[in-house]
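The values are calculated or read from the model by the stated rules, or taken from the named source; none is laboratory data. Just so you know, these numbers come straight off a predicted model, no measurement behind them. FYI the Cβ positions are ideal-geometry reconstructions off the backbone, even for glycines, and counts take in every protein chain you see. Accessible surface areas use protein heavy atoms only, side chains included; no ligands, DNA or RNA. Shrake-Rupley method; radii C 1.70, N 1.55, O 1.52, S 1.80 Å.
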Amino acid sequence: MSFRLAACSAAVLVAAALPASAQTAGAQVRPNAGSDAGALARAVQNPVANLISLPFQNNTNFDYGPNGHTQNILNIQPVVPIEVTPDWNLITRTILPVISQPALQPGEGTTFGLGATQASFFLSPARPGHVIWGAGAVVQAPTTTDQNLGSNVWGGGPTFVALTMQGPWVIGGLVNNIWSFGGNDRTRYNTLTFQPFINYNFPESRGTYLSFSPIVTANWEARSGQQWTVPLGLAAGQIFKIGEQPINAQLGAYYNVVHPDIGPTWQVRFQVALLFPK
(Lines give C-alpha, C1' and ligand atoms only; values in the text may rest on other atoms or scores of the structure.)
Protein backbone atom coordinates (compact mmCIF):
# COMPACT_ATOMS: atom_id res chain seq x y z
CA MET A 1 0.00 0.00 0.00
CA SER A 2 1.44 3.42 -0.94
CA PHE A 3 1.61 6.13 1.68
CA ARG A 4 -0.76 8.32 -0.34
CA LEU A 5 -3.37 5.56 -0.48
CA ALA A 6 -2.95 4.83 3.22
CA ALA A 7 -3.29 8.51 4.09
CA CYS A 8 -6.52 8.69 2.09
CA SER A 9 -7.75 5.59 3.92
CA ALA A 10 -6.91 7.25 7.22
CA ALA A 11 -8.91 10.33 6.28
CA VAL A 12 -11.89 8.15 5.39
CA LEU A 13 -11.63 6.32 8.73
CA VAL A 14 -11.58 9.56 10.71
CA ALA A 15 -14.43 11.05 8.68
CA ALA A 16 -16.50 7.91 9.12
CA ALA A 17 -15.88 7.98 12.85
CA LEU A 18 -17.36 11.47 13.18
CA PRO A 19 -20.78 11.36 11.52
CA ALA A 20 -22.88 14.47 11.85
CA SER A 21 -25.83 12.37 12.95
CA ALA A 22 -24.02 10.42 15.70
CA GLN A 23 -26.07 10.35 18.89
CA THR A 24 -24.76 10.67 22.43
CA ALA A 25 -27.61 9.35 24.50
CA GLY A 26 -27.44 8.50 28.21
CA ALA A 27 -26.74 10.20 31.48
CA GLN A 28 -22.96 9.94 31.85
CA VAL A 29 -22.47 13.53 30.65
CA ARG A 30 -24.73 16.17 32.15
CA PRO A 31 -26.83 18.33 29.76
CA ASN A 32 -24.77 21.40 30.64
CA ALA A 33 -21.46 19.58 30.23
CA GLY A 34 -20.53 21.84 27.34
CA SER A 35 -19.99 24.68 29.82
CA ASP A 36 -18.94 22.57 32.83
CA ALA A 37 -15.20 21.84 32.74
CA GLY A 38 -15.46 19.53 35.74
CA ALA A 39 -18.11 17.34 34.09
CA LEU A 40 -16.14 17.24 30.85
CA ALA A 41 -12.96 16.24 32.68
CA ARG A 42 -14.73 13.27 34.25
CA ALA A 43 -16.32 12.36 30.90
CA VAL A 44 -13.01 12.25 29.01
CA GLN A 45 -11.60 9.98 31.73
CA ASN A 46 -14.39 7.47 31.04
CA PRO A 47 -13.57 5.35 27.94
CA VAL A 48 -17.27 4.57 27.40
CA ALA A 49 -18.71 8.01 28.11
CA ASN A 50 -21.41 9.40 25.83
CA LEU A 51 -19.12 12.03 24.40
CA ILE A 52 -17.80 12.43 20.87
CA SER A 53 -14.12 13.33 20.94
CA LEU A 54 -11.16 13.52 18.58
CA PRO A 55 -7.89 13.04 20.49
CA PHE A 56 -4.45 13.46 18.96
CA GLN A 57 -2.03 11.66 21.25
CA ASN A 58 1.70 12.08 20.55
CA ASN A 59 4.08 9.59 22.14
CA THR A 60 7.82 10.32 21.97
CA ASN A 61 9.87 7.27 22.96
CA PHE A 62 13.48 7.89 23.98
CA ASP A 63 16.42 5.46 23.87
CA TYR A 64 14.62 3.21 21.38
CA GLY A 65 16.34 0.49 19.39
CA PRO A 66 19.91 -0.84 19.50
CA ASN A 67 21.38 2.63 18.91
CA GLY A 68 19.22 4.50 21.44
CA HIS A 69 17.38 6.68 18.93
CA THR A 70 14.01 8.44 19.28
CA GLN A 71 10.76 6.97 18.00
CA ASN A 72 7.62 9.09 17.59
CA ILE A 73 4.04 7.83 17.32
CA LEU A 74 1.09 10.15 16.76
CA ASN A 75 -2.18 8.32 17.49
CA ILE A 76 -5.35 9.73 15.92
CA GLN A 77 -8.11 8.37 18.16
CA PRO A 78 -11.71 9.33 17.29
CA VAL A 79 -14.33 8.18 19.82
CA VAL A 80 -17.99 8.03 18.81
CA PRO A 81 -20.86 6.69 20.96
CA ILE A 82 -24.00 5.49 19.16
CA GLU A 83 -27.40 4.83 20.75
CA VAL A 84 -28.38 1.23 19.98
CA THR A 85 -31.48 1.16 22.23
CA PRO A 86 -32.63 3.42 25.06
CA ASP A 87 -30.78 1.07 27.43
CA TRP A 88 -27.58 0.35 25.49
CA ASN A 89 -24.89 2.34 23.71
CA LEU A 90 -22.20 1.21 21.30
CA ILE A 91 -18.95 3.13 21.80
CA THR A 92 -16.46 3.02 18.94
CA ARG A 93 -12.83 3.85 19.67
CA THR A 94 -10.35 3.93 16.77
CA ILE A 95 -6.56 4.26 16.96
CA LEU A 96 -4.67 5.16 13.78
CA PRO A 97 -0.90 5.53 14.40
CA VAL A 98 1.38 7.77 12.34
CA ILE A 99 4.90 6.54 13.05
CA SER A 100 8.44 7.87 12.69
CA GLN A 101 10.55 4.75 13.18
CA PRO A 102 14.36 4.97 13.62
CA ALA A 103 16.63 2.43 11.97
CA LEU A 104 16.87 -0.93 13.73
CA GLN A 105 19.40 -2.52 11.33
CA PRO A 106 22.64 -1.19 9.81
CA GLY A 107 22.04 0.53 6.50
CA GLU A 108 18.42 1.36 7.26
CA GLY A 109 17.10 4.90 7.47
CA THR A 110 14.18 6.36 9.39
CA THR A 111 10.82 4.98 8.23
CA PHE A 112 7.76 7.24 8.26
CA GLY A 113 4.19 6.13 7.63
CA LEU A 114 1.06 4.52 9.04
CA GLY A 115 0.88 1.62 11.45
CA ALA A 116 -1.96 -0.87 11.88
CA THR A 117 -5.35 0.58 12.78
CA GLN A 118 -7.21 -0.74 15.83
CA ALA A 119 -10.96 -0.26 16.16
CA SER A 120 -12.68 -1.19 19.43
CA PHE A 121 -16.44 -1.61 19.86
CA PHE A 122 -17.85 -1.52 23.40
CA LEU A 123 -21.45 -2.33 24.27
CA SER A 124 -22.22 -0.39 27.45
CA PRO A 125 -25.33 0.32 29.56
CA ALA A 126 -26.77 3.77 28.89
CA ARG A 127 -27.65 4.19 32.57
CA PRO A 128 -24.90 2.48 34.55
CA GLY A 129 -24.79 2.05 38.31
CA HIS A 130 -21.80 2.64 40.56
CA VAL A 131 -19.67 0.50 38.24
CA ILE A 132 -19.53 1.68 34.61
CA TRP A 133 -18.51 -1.00 32.14
CA GLY A 134 -18.29 -1.91 28.48
CA ALA A 135 -17.47 -5.15 26.68
CA GLY A 136 -16.95 -6.04 23.06
CA ALA A 137 -14.37 -6.70 20.38
CA VAL A 138 -11.30 -5.05 18.90
CA VAL A 139 -10.26 -5.43 15.26
CA GLN A 140 -6.81 -4.69 13.84
CA ALA A 141 -6.69 -3.63 10.19
CA PRO A 142 -3.45 -3.83 8.14
CA THR A 143 -3.13 -0.16 7.20
CA THR A 144 0.67 -0.33 7.57
CA THR A 145 2.63 1.41 4.82
CA ASP A 146 5.93 -0.36 5.53
CA GLN A 147 6.84 -3.74 7.01
CA ASN A 148 8.93 -1.97 9.67
CA LEU A 149 5.79 -0.25 10.99
CA GLY A 150 3.73 -3.32 11.82
CA SER A 151 2.05 -6.42 10.49
CA ASN A 152 0.08 -6.57 7.23
CA VAL A 153 -2.27 -9.25 8.63
CA TRP A 154 -5.78 -8.74 9.99
CA GLY A 155 -6.43 -9.58 13.64
CA GLY A 156 -8.93 -9.30 16.44
CA GLY A 157 -9.91 -10.24 19.96
CA PRO A 158 -11.97 -9.32 23.03
CA THR A 159 -11.87 -6.05 24.94
CA PHE A 160 -13.31 -4.94 28.28
CA VAL A 161 -13.39 -1.77 30.40
CA ALA A 162 -14.69 -1.05 33.90
CA LEU A 163 -14.47 2.00 36.15
CA THR A 164 -16.05 3.80 39.05
CA MET A 165 -16.37 7.49 39.91
CA GLN A 166 -16.14 8.30 43.60
CA GLY A 167 -16.00 11.99 44.50
CA PRO A 168 -13.00 13.52 42.70
CA TRP A 169 -11.62 10.07 41.80
CA VAL A 170 -12.05 8.11 38.56
CA ILE A 171 -10.56 4.61 38.88
CA GLY A 172 -10.67 1.74 36.41
CA GLY A 173 -8.94 -0.16 33.68
CA LEU A 174 -9.14 -1.23 30.04
CA VAL A 175 -7.81 -4.51 28.64
CA ASN A 176 -7.71 -6.28 25.29
CA ASN A 177 -5.83 -9.10 23.58
CA ILE A 178 -5.40 -9.26 19.81
CA TRP A 179 -4.47 -12.33 17.78
CA SER A 180 -3.50 -12.23 14.11
CA PHE A 181 -5.62 -14.17 11.64
CA GLY A 182 -2.81 -16.28 10.20
CA GLY A 183 0.48 -14.78 9.08
CA ASN A 184 4.06 -16.07 9.12
CA ASP A 185 6.90 -15.76 11.64
CA ARG A 186 7.38 -12.09 10.75
CA THR A 187 3.76 -10.96 10.50
CA ARG A 188 2.03 -13.10 13.15
CA TYR A 189 1.18 -11.35 16.45
CA ASN A 190 -0.46 -12.01 19.81
CA THR A 191 -0.48 -8.92 22.01
CA LEU A 192 -2.01 -7.89 25.32
CA THR A 193 -2.75 -4.27 26.23
CA PHE A 194 -3.75 -3.29 29.76
CA GLN A 195 -4.30 0.33 30.78
CA PRO A 196 -5.19 0.93 34.42
CA PHE A 197 -6.14 4.51 35.23
CA ILE A 198 -6.40 6.52 38.42
CA ASN A 199 -7.47 10.14 37.96
CA TYR A 200 -7.86 12.85 40.56
CA ASN A 201 -9.96 15.91 39.66
CA PHE A 202 -9.22 19.02 41.70
CA PRO A 203 -12.51 20.29 43.22
CA GLU A 204 -11.15 23.80 43.66
CA SER A 205 -10.01 24.03 40.03
CA ARG A 206 -12.67 22.53 37.79
CA GLY A 207 -11.26 20.86 34.73
CA THR A 208 -7.79 20.34 36.23
CA TYR A 209 -6.72 16.78 36.98
CA LEU A 210 -3.83 14.40 37.58
CA SER A 211 -3.76 11.08 35.76
CA PHE A 212 -1.91 7.80 36.29
CA SER A 213 -2.63 5.81 33.12
CA PRO A 214 0.33 3.66 32.00
CA ILE A 215 -0.13 1.48 28.92
CA VAL A 216 1.18 -1.98 29.85
CA THR A 217 1.78 -4.31 26.90
CA ALA A 218 2.87 -7.90 26.39
CA ASN A 219 4.05 -9.40 23.11
CA TRP A 220 3.34 -13.11 23.57
CA GLU A 221 5.24 -13.96 20.36
CA ALA A 222 8.51 -12.57 21.74
CA ARG A 223 10.99 -14.75 23.56
CA SER A 224 11.06 -14.94 27.35
CA GLY A 225 12.38 -11.77 28.97
CA GLN A 226 11.43 -9.65 25.94
CA GLN A 227 7.64 -9.72 26.20
CA TRP A 228 6.62 -7.02 28.66
CA THR A 229 6.65 -3.23 28.64
CA VAL A 230 5.61 -1.77 32.01
CA PRO A 231 5.70 2.04 32.38
CA LEU A 232 5.26 4.13 35.51
CA GLY A 233 4.59 7.84 35.48
CA LEU A 234 2.10 10.66 35.85
CA ALA A 235 0.28 13.19 33.67
CA ALA A 236 -1.51 16.47 34.28
CA GLY A 237 -4.50 17.63 32.27
CA GLN A 238 -6.75 20.64 31.79
CA ILE A 239 -10.10 21.29 30.11
CA PHE A 240 -10.36 24.70 28.44
CA LYS A 241 -12.04 26.39 25.50
CA ILE A 242 -10.85 28.10 22.36
CA GLY A 243 -13.86 30.13 21.36
CA GLU A 244 -16.77 27.73 21.86
CA GLN A 245 -14.68 24.59 21.27
CA PRO A 246 -13.93 22.55 24.44
CA ILE A 247 -10.46 21.01 24.45
CA ASN A 248 -8.72 18.53 26.73
CA ALA A 249 -4.92 18.90 26.92
CA GLN A 250 -2.69 16.51 28.81
CA LEU A 251 1.07 16.16 29.30
CA GLY A 252 2.79 13.26 31.03
CA ALA A 253 6.05 11.33 31.32
CA TYR A 254 6.53 7.60 31.87
CA TYR A 255 9.59 5.50 32.69
CA ASN A 256 9.57 1.90 31.48
CA VAL A 257 10.63 -0.13 34.52
CA VAL A 258 10.37 -3.27 32.36
CA HIS A 259 10.96 -3.27 28.60
CA PRO A 260 12.50 -5.39 25.81
CA ASP A 261 16.16 -4.84 24.96
CA ILE A 262 15.27 -2.63 21.99
CA GLY A 263 12.34 -0.99 23.77
CA PRO A 264 12.40 2.66 24.87
CA THR A 265 13.42 3.70 28.37
CA TRP A 266 11.35 6.89 28.63
CA GLN A 267 8.19 8.20 27.03
CA VAL A 268 6.71 11.70 26.91
CA ARG A 269 2.99 11.69 26.09
CA PHE A 270 1.21 14.83 24.93
CA GLN A 271 -2.45 14.81 23.97
CA VAL A 272 -4.89 17.36 22.63
CA ALA A 273 -8.52 16.27 22.23
CA LEU A 274 -11.39 18.15 20.61
CA LEU A 275 -14.59 17.51 22.58
CA PHE A 276 -18.10 17.58 21.18
CA PRO A 277 -20.60 17.38 24.07
CA LYS A 278 -24.28 17.10 23.22
With springs connecting C-alpha atoms under 10 Å apart, model the chain as a Gaussian network and identify which of ARG188, ARG42, ARG93 has the largest mean-square fluctuation.
ARG188
Would you kindly state how much longer the chain becomes between ASN219 and LYS278 on full extension, computed as 0.36 nm times their sequence separation minus their alpha carbon distance, in nm to one decimal?
17.4 nm
Residue list for the range 227-265, given a label point 7 angstrom along the Cα-to-Cβ vector of PHE212 and an amide N cut-off under 11 Å
232-235
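By how many nm would the segment from PHE160 to VAL258 lengthen if fully extended, with 0.36 nm per residue of separation less the alpha-carbon distance? Don't skip to the end; give the middle numbers.
Working: separation 98, 0.36 × 98 = 35.28 nm, distance 2.41 nm.
Taking 0.36 nm per residue and subtracting the Cα distance, the gain is 32.9 nm.
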Interatomic Cα distance distribution for the range 83-206, bins of 10 angstrom, percent:
12, 31, 29, 19, 8, 1
Can you bin the range 194-278 into rounded, prolate or oblate? Criterion: square roots of the alpha carbon gyration tensor eigenvalues sorted a ≥ b ≥ c, rounded for a/c under 1.5, prolate for a/b above b/c, oblate for the rest.
prolate
Counting only protein heavy atoms with a 1.4 Å probe and every protein chain in place, the carbon and sulfur fraction of the accessible surface of the chain in whole percent equals 62 percent
How far is it, in nm, from the label point at GLN147 to the one at LEU104 when both lie 7 Å from their Cα along the line to the Cβ?
1.2 nm
P(r) tail fraction, the range 168-243 - alpha-carbon pairs more than 17 Å apart, %
59 percent
Part-to-part distance (alpha-carbon centres) for the range 200-278 and the range 98-151, which is given in Å:
15 Å
re the chain: pairs of Cα atoms spaced beyond 30 Å account for a percent value of 29 percent
Highest-MSF residue in the chain out of HIS69, HIS130, HIS259 [GNM, Cα springs under 10 Å]:
HIS130
Counting only protein chains, not ligands or nucleic acids, how are ILE239, ILE215 ordered by accessible area (probe 1.4 Å), most first?
ILE215, ILE239
For the chain, the per residue accessible area (1.4 Å probe, Å²) is 48 Å²
Extension gain from THR111 to GLU204, taking 0.36 nm per residue of separation minus the Cα-Cα distance:
28.9 nm
Dipole in debye (nearest 20) - the chain, about Cα centre, beta carbon charges: Lys, Arg +1; Asp, Glu -1
360 debye
